[in-house]
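One structure is given here, and the rest of the page talks about it.
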Amino acid sequence: MAERRLIGVLGGMGPLATVDFMQKVIETTPAKYDQDHIPLIVYSVPQIPDRVGAAVAGTDEPLPAMLAGIRTLEQAGVEAIAIACNTAHAWYDQLAASTKVPIIHMAQAVIDAAPKNTTPIAVLATVGTLQAGIYQRYFGKAGWQVLVPEGQDQGLIIDAIAAVKRGEIEHARASFDGAAASLLALGAGQLLLACTELPVAAKGSIHEACCLDATACLAQACVEFACRPHQ
């Protein structure tokens, strides 16, 4: 039986996105038997206050609830933590400073998993993620060109995210396709799915092949950590 390290997941933001992340961990894991898969402790609590509104307003309203999740995962004995929400990374520094358990950063996972883009990469995300500059900051340091959606394109992205949260997947896909077509026409070479609802919206889309899935990159980083032998 392969040695696997225990990973904690700070999730529930939203619930379906957390399940999508877990599925990607399973799909990424090299396994022949149940026992080869990655052990996960998942804290999926949808009652964590709205991250987008807080990031836009510049408040820390969701932070205490996320810290409670971190404490629960610590007590469960996890060896690393993944945050299954892009916008929640606006509080990454405070969360990371609160624990000795390493928290895998989603933007760094994207950079580590994908070759450096030579054309602009459009960051499809919530307004909170974009305003917090989570990907712009990390990608800028890595020398990646970034295209930030605006106006109607951003409106379609927001609509796609909201539709996934309501369970209206066909509606979400239609809104995603509209934004994707426009951003590719503006010169984007890749579309970064930088909200954990967007991979659900993009699945089966005619633009899916142009997408870089941040959730999948985070899952890959977790699998690599979990499969690393203890020193």
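The values are calculated or read from the model by the stated rules, or taken from the named source; none is laboratory data. Note that the structure is predicted; figures quoted are calculated from it, not measured. FYI the Cβ positions are ideal-geometry reconstructions off the backbone, even for glycines, and counts take in every protein chain you see.
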Exercise for the section: Could you check Thr119 against (1) touching a residue at least 40 places away in the same chain (Cβ under 8 Å); (2) outside the structural domain of Val52 (by TED's automatic domain parsing); (3) crowded, with 17+ Cβ neighbours inside 10 Å and say which number it fails? Expected result: (3)
Exercise for the section: Could you check how many residues of the range 117-133 are within 20 Å of Pro199 (Cβ to Cβ) and touching a strand residue (DSSP E or B) at 6+ places or on another chain (Cβ under 9 Å)? Expected result: 8
Exercise for the section: Test Gly151 against the criterion of being in the same structural domain as Ala194 (by TED's automatic domain parsing) and without any contact (Cβ under 8 Å) to a residue 12 or more places away in the chain, and give yes or no. Expected result: yes
Problem - Positions within the range 28-56 being over 17 Å from Gly12 (Cβ atoms), assigned to a helix (DSSP H, G or I) and charged (D, E, K, R), in sequence order - result: Asp34, Asp36
